[in-house]
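Visitor: Sharing a structure below in structure tokens format, with a few things to ask.
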Amino acid sequence: MSDLRELYQEVILDHSRHPRNFGKCPTCNRDAKGHNPLCGDRITVELDLEGDTIKDVHFQGQGCAISVASASLMTEMVKGKSVAEAKKLFDQFHTLVTGGEADGADLDKLEVLAGVRDYPVRVKCATLAWHTLAAALEGNHIQVATE
Ligand code: ZN
């Protein structure tokens, strides 16, 4: 189990130091901003939404390692997915990090963030990107806060 924890830690550190899909998105047509005042994390999520498909997704911002790694992992997971699939993934991810049983979930690499369930403050860091994504799926230029 400790090997697994170390592996998870490495994945989180890797994604926080070298975030994927980070930076401006030239083709994106939706965006939302998220703020987690408890930790100070700020994020902007941009989407290239074509019909019902998330063709591309980028993020920008600053925050703790957990918030950045979670955003990076999220972009990898939702790119190419439908809006309904992305929302379902958010539900399952939320269940995972709040300590429930995410049954039938195909969370893949998002599992590395399961450890935050032991740290309620960190749950907001881990879910900030997802709340921001959900806002961008609902409309444009929306601002969300975890508090
Ligand atoms: Zn944070």
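Just so it is clear, none of the values below were taken in a lab; they were calculated from the coordinates. Computed from a predicted structure; not experimentally measured. All Cβ positions, even for glycine, are placed from backbone atoms using ideal geometry, and neighbour counts span all protein chains on display.
Visitor: Can you put HIS94, HIS141 in order of Cβ neighbours within 10 angstrom, beginning with the fewest?
Guide: Working: HIS94 16, HIS141 10.
Listing HIS94, HIS141 from fewest to most nearby Cβ atoms yields HIS141, HIS94.
Visitor: I would also like to ask the following. Show that you can apply the helix-only estimate: for the chain, add -39,500 (n - 2.57) for every DSSP H stretch of four or more residues, divide by all residues, and state [θ] at 222 nm to the nearest 500.
Guide: Value at 222 nm, helices only: -14500 deg cm²/dmol.
Visitor: Show log10 I(q)/I(0) for the chain at q = 0.09, 0.14 Å⁻¹, two decimals, from a solvent-free Debye sum over equal Cα scatterers.
Guide: Treating every Cα as an identical point scatterer, log10 I(q)/I(0) equals -0.24, -0.59.
Visitor: Test of understanding: ordering TYR8, TYR119 by Cβ neighbours within 10 Å, fewest first, what list do you get?
Guide: With the sparsest Cβ surroundings first, the list reads TYR119, TYR8.
Visitor: How much of the DSSP beta bridge set in the chain is antiparallel, as a percent to the nearest 5?
Guide: So the antiparallel bridges in the chain amount to around 75 percent.
Visitor: Under 5 Å between amide hydrogens, which residues at least 5 positions from ARG30 or on another chain qualify, with H placed 1.01 Å from N in the peptide plane?
Guide: So ARG30 has HN proximity to LEU47, LEU49.
Visitor: To the nearest 20 Debye, how big is the dipole of the chain about its Cα centre, given +1 on the beta carbon of each Lys and Arg and -1 on that of each Asp and Glu?
Guide: 460
Visitor: Say R0 is 30 Å: what FRET efficiency, to the nearest 0.05, do GLU101 and ALA65 get from their beta-carbon distance?
Guide: Plugging the Cβ-Cβ distance into 1/(1 + (r/R0)^6) gives 0.70.
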